[in-house]
1. Quick one: A:PRO43 ticks every box in (1) out of contact with any helix residue (DSSP H, G or I) (no Cβ under 9 Å at 6 or more places or on another chain); (2) more than 23 Å from B:LEU56 (Cβ to Cβ) bar one, so which box is it?
2. Could you please let me know if B:GLN130 is touching a His at 6+ places or on another chain (Cβ under 9 Å) and under 27 Å from A:PHE49 (Cα atoms)?
3. Given the condition out of contact with any Phe, Trp or Tyr (no Cβ under 9 Å at 6 or more places or on another chain), at pLDDT below 95 and more than 11 Å from chain B (Cβ to nearest Cβ), answer yes or no: does some residue in segment A:11-30 qualify?
4. Applying the selection to segment A:41-58, what residues are more than 20 Å from B:GLY66 (Cβ to Cβ) and either assigned to a strand (DSSP E or B) or in contact with a Pro (Cβ under 8 Å, 6 or more places away or on another chain) (or both)?
5. Filter segment B:177-194 down to residues that are assigned to a helix (DSSP H, G or I) and acidic (Asp, Glu), then give me how many there are.
6. Among (1) under 15 Å from the mean Cα position of the chain (by Cα); (2) of a type in the set (Ser, Thr, Tyr); (3) more than 15 Å from B:PRO152 (Cα to Cα), which single condition is B:SER107 missing?
7. Looking for something within 14 Å of another protein chain (Cβ to nearest Cβ), small (Gly, Ala, Ser), in a loop (DSSP other than H, G, I, E, B) and more than 17 Å from B:GLY172 (Cβ to Cβ) - is there at least one such residue anywhere in segment B:45-60?
8. Can you name the residue in segment B:121-149 that is part of a loop (DSSP other than H, G, I, E, B) and within 10 Å of another protein chain (Cβ to nearest Cβ) and is also surrounded by the fewest Cβ atoms within 10 Å (Cβ to Cβ) among such residues?
Amino acid sequence: MSDAIHTTVDAKGLSCPMPIVKTAQAAKLVPAGELIEVLATDPGSVKDFAAWTRSTGNSIVEQAEDDGVYRFVIKRA
Amino acid sequence: MATETTTPEAATDESAEAKLAEAVAAAAQPADSTPIQRQLVVINWSGELDKVLPTLIMSSVAAASGYKTSVFMTFWGLLPFVKDEKRITGDGMMQKMLSFMQRPGISHMKMSKMNFMGMGPWMIGKLSEQYKVASPQELLEACQLMGVEFLPCQMTMDMFGLKRKDMIDGLGDPVGAATVLEMMTEEHTGSLFI
């Protein structure tokens with residue numbers, strides 16, 4: 001919780017597969033252990049990010065929804 | 001029945017807690033630290049917009065998820081990967097006629113249904129803009145950035161008279177069915193025929 005967000009990916013308004021694709025591209029530049037914040041409005045992205053983190057070994061440390069905007073905080077493995 | 005008197009042994013409690021914490025931490029580590037390398041093989045046989053989109057979407061997500069991803073472009077599915085500017089391809093009447101009737105290039109794909117003489121792709125373009133759906137060009141770029149392998153079918157290149165210089169940059173060397181078959185049947189591999 002005291003770790004600052006390393007990178008924010010703004011995927012608001014983007015449809016599948018762009019939220020995942022943009023996050024994967026950003027994650028490449030994030031060192032292990034650091035946090036990525038993703039903002040998305042695509043409801044399908046909720047399950048997508050769960051699946052993506054399982055496939056890539058990253059983990060979701062925080063997940064919230066506020067007025068149609070989903071916020072994921074992902075820890076880079 | 002003797003009542004058991006539990007003497008609070010602070011030292012034992014602490015070590016038990018420590019042991020428990022250790023065990024929980026150990027369980028959280030993956031038993032085998034080698035991650036599974038998954039693979040996706042897409043046989044892209046179709047050349048229409050509504051069919052090439054799922055090829056590129058599945059491939060980009062697979063690559064984004066760490067899968068080794070390969071797209072085998074065969075038959076109609078090879079034409080969208082010809083350079084946009086190349087209008088006529090091939091040697092001889094028949095090959096040239098083929099490219100005349102099936103315009104190559106990713107920006108010129110038709111719809112497999114409701115093409116409406118070109119209105120269909122235009123409408124899909126408008127809807128994509130409105131709902132922020134990525135275009136085939138954007139998806140192709142993302143795929144190539146993420147290391148998706150695009151393998152042209154040698155046989156299709158021969159039959160349609162397509163040369164390396166007609167094709168877009170970044171494609172792999174042409175292969176045949178045996179190569180693709182082997183890839184499809186490897187461990188931890190999913191394959192699609194689109």
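The values are calculated or read from the model by the stated rules, or taken from the named source; none is laboratory data. Small disclaimer: the values here were computed from a predicted structure and weren't measured. We place every Cβ from the backbone using ideal geometry, glycine too, and count neighbours over all the protein chains shown.
1. Among (1) out of contact with any helix residue (DSSP H, G or I) (no Cβ under 9 Å at 6 or more places or on another chain); (2) more than 23 Å from B:LEU56 (Cβ to Cβ), A:PRO43 violates only (2).
2. On the way: touching a His at 6+ places or on another chain (Cβ under 9 Å): no; under 27 Å from A:PHE49 (Cα atoms): yes.
Taking the combined requirement at face value, the residue does not satisfy it.
3. For segment A:11-30, residues out of contact with any Phe, Trp or Tyr (no Cβ under 9 Å at 6 or more places or on another chain), at pLDDT below 95 and more than 11 Å from chain B (Cβ to nearest Cβ): present.
4. Scanning segment A:41-58 gives a single hit, A:ASP42.
5. First, the residues of segment B:177-194 that are assigned to a helix (DSSP H, G or I): B:177-184.
Cutting the leftovers down to acidic (Asp, Glu) gives us B:182.
Looking only at that region, the number is 1.
6. (1)
7. No, because not a single residue in segment B:45-60 is within 14 Å of another protein chain (Cβ to nearest Cβ), small (Gly, Ala, Ser), in a loop (DSSP other than H, G, I, E, B) and more than 17 Å from B:GLY172 (Cβ to Cβ).
8. First, pick out the residues of segment B:121-149 that are part of a loop (DSSP other than H, G, I, E, B): B:131-135, B:146-148.
Still in the list and also within 10 Å of another protein chain (Cβ to nearest Cβ): B:131-134, B:146.
On the way: B:TYR131: 11, B:LYS132: 14, B:VAL133: 19, B:ALA134: 22, B:MET146: 21.
Here the residue is B:TYR131.
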